[in-house]
Amino acid sequence: MGDAADHNGIEPAALPAEQATGTAFAGAAIGLLTLDLRAGRIDAANPHLCALLGYPPGDLSGRSLAHLGEVAVPVPAGLRRWRRADGRAVDVRVRPSPPADGVQILVVDGAEAEDFGPAVEDRATLAAAGLGEWRFDAETGRVALSRRAAQLLGDRPGSSLSWANLRARIDAREVERVEAEVRKALARGGSFTLQCRVRRSDDGSEIHLGLRGEARREGADGLTAIVGVVQDITAQVATRAALHAGEQRLRIATSLADLGIFEWHMLDDQAVWENERMFAIFGRRVEDGTVGKREFLEHVLHPDDRAAFRTAISNALRGDAVLKATGRIRRRSDGAWRIIDLAGRFEQDPHHRLPRRLIGVVADVTERRMAEERQTLLIRELHHRVKNTLATVQAIVGSTARTASSIESFYEAFVGRIMSLAHTHSVLTEDTWQTASLRTLLANELRPYVDIPQDGAGDARLRLEGPPVDLTSEVAVPIGMAIHELTTNAAKYGALSTPDGRVAVTWSLTTDGANGMLDFAWRESGGPAVRPPTRQGFGSRLLQRVLTAQVRADVTMDYHADGFCLHMRAPLPARSTVFDSLP
């Protein structure tokens, strides 16, 4: 072969260089370099490589390879850090041919970010996960992007961005945090993870990026670079935001509804209470811990409600239905019994279809249930009282008709008695059908005829004297009607029918009986001479019979010539608790 070469007049070392000067060499879209291994000198570099390294075309020929910062001859394959014409470092990827006759051909192109990342076999996994690679060179201040990273940021594949360019695209409120992480990594080494918002280069839209980086010491001078991966997490951020908003709405709704939220894990019988309301309902502190199923059924729940609760749990498990149960629990803080409503659904294991945990809510419905019971009693009580009122009205109609001498007298007496009944009912309803003040009943009836005394001042014709007395509804109605009859008779025939007449009403309370006794006296004076009635009218019958029958009072009436007198001694009934604590 040596004879053939000499015969053709071509030196062995010059043959590759001569071929490299051809059209293919000069027009290649990748860097090409022929190296004289004996001299460590560049024989030729094509225009693409000269442009990559910042030299005019042909300017690298004849230069020493050490001029580029390369010391290894022959040049091994891999990533190399060479120097550009302006002195800046540039990372290149070198693929050499095997040395032949003292000559080596190098294929050289710019290194991309993925070249400094994981091994080639891991890149498919990164691509499948939507991850792009990046590399920040501390010496040049530039960020190299892999094809995937450039695509995420809306830049051209193989782009290399200055930090100033990239910084201007990061959300202004997050720049300081990102720079702090980069400075820390450069100074101390190690890895970091952060998130930030960045504007894409192509359309200006904002995306959320997740960044992971790790600082590395590279080259003989120990300059630091940061390599890492980047991922578009815009969808995840939006999902988290929507989930957080949903959780906030749920938390607000449960807070307004006073609902406790819980989870019960069946395998280990452990409960997780999600909000403070659960602890408040059970009267427990956070440090007291939660309550599992066993403790709940055996110690917290009322014994009479345990069977129903167990049945509800079994039915929900068998039917894959919503669990609904009601029971009484003993609150730990004060030992009080509270009524709760519990609702939840069992979550099943996706593989074995076995119930894994119960997720539900608890409401303290004690006040509501008590209000419902009181409402039921209220309706029954009002029904009973309406019947009694209608019976009273019927008796008024009949008795007034029997004693009336004309339609006009019937109308006057009937309307007056109905109005008296209405006044008494008004006083009662103002106190939710609880009690009526005796003084108020007297004032309502007497006000049309005299000025009611207030704090010692008032009409000298009337004296009201006695302690505060609240009459329960069952005695207030008949006593109110009795006061009406006494007032009407006094205005028509007695002391209130003349200017000089006087009425004195006094009362007192004694401790006789279970709830005390009312001692009531009505005395008239200064009016027309009094004569005993020749017949008993409705007023007399009411005063005598109704008070005796309904109030169980001892009643005496004296028709003295100088004025009518009535004395009543009546036991006071116990105050009803039916209407207590109405909502």
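If you go through region 514-537 and keep only what is over 20 Å from Thr556 (Cα atoms) and within 60 Å of the chain's Cα centre (by Cα), you end up with Ala514, Asn515.
The set of residues in region 480-509 that are modelled with pLDDT under 90 and under 26 Å from Arg552 (Cα atoms) comprises Gly480, Met481, Ala482, Ile483, His484, Glu485, Leu486, Thr487, Thr488, Asn489, Ala490. Residues in region 515-558 that are modelled with pLDDT under 90, of a type in the set (Ser, Thr, Tyr) and either exposed (fewer than 13 other Cβ atoms within 10 Å of the Cβ) or under 25 Å from Pro467 (Cβ atoms) (or both): Thr534, Thr548. Any residue at all in region 476-492 that is in the same structural domain as Leu543 (by TED's automatic domain parsing), more than 18 Å from Leu543 (Cβ to Cβ), touching a helix residue (DSSP H, G or I) at 6+ places or on another chain (Cβ under 7 Å) and not aliphatic (A, V, I, L, M)? No: zero hits. The residues of region 289-303 that are within 15 Å of Asp268 (Cβ to Cβ), assigned to a loop (DSSP other than H, G, I, E, B) and in contact (Cβ under 8 Å) with a residue 24 or more places away in the chain, listed by number, are Thr290, Gly292.
Every residue, every condition in (1) over 24 Å from Asp470 (Cβ atoms); (2) at pLDDT 70 or above; (3) not in a helix (DSSP H, G or I), yes or no:
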position	(1), (2), (3)
Thr400	yes, no, no
Tyr411	yes, yes, no
Gly416	yes, no, no
Ser426	no, no, no
Thr432	no, no, yes
Leu441	no, yes, no
Tyr449	yes, yes, yes
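Would a scan of region 338-347 turn up a residue that is under 17 Å from Asp258 (Cα atoms), surrounded by fewer than 17 Cβ atoms within 10 Å (Cβ to Cβ) and not polar (S, T, N, Q)? For region 338-347, residues under 17 Å from Asp258 (Cα atoms), surrounded by fewer than 17 Cβ atoms within 10 Å (Cβ to Cβ) and not polar (S, T, N, Q): present.
Here Ile452 meets each of (1) closer than 18 Å to Ala570 by Cα; (2) under 59 Å from the mean Cα position of the chain (by Cα) with one exception, condition (1). Listed by position, the strands (runs of 3 or more DSSP E) enclosed by region 40-114 that each have at least 3 residues that are under 60 Å from the mean Cα position of the chain (by Cα) and crowded, with 20+ Cβ neighbours inside 10 Å are 89-96.
The values are calculated or read from the model by the stated rules, or taken from the named source; none is laboratory data. Note that this is a predicted model, so its numbers are computed, not measured. Backbone-built Cβ (ideal geometry, glycine too); neighbour counts: all protein chains shown.
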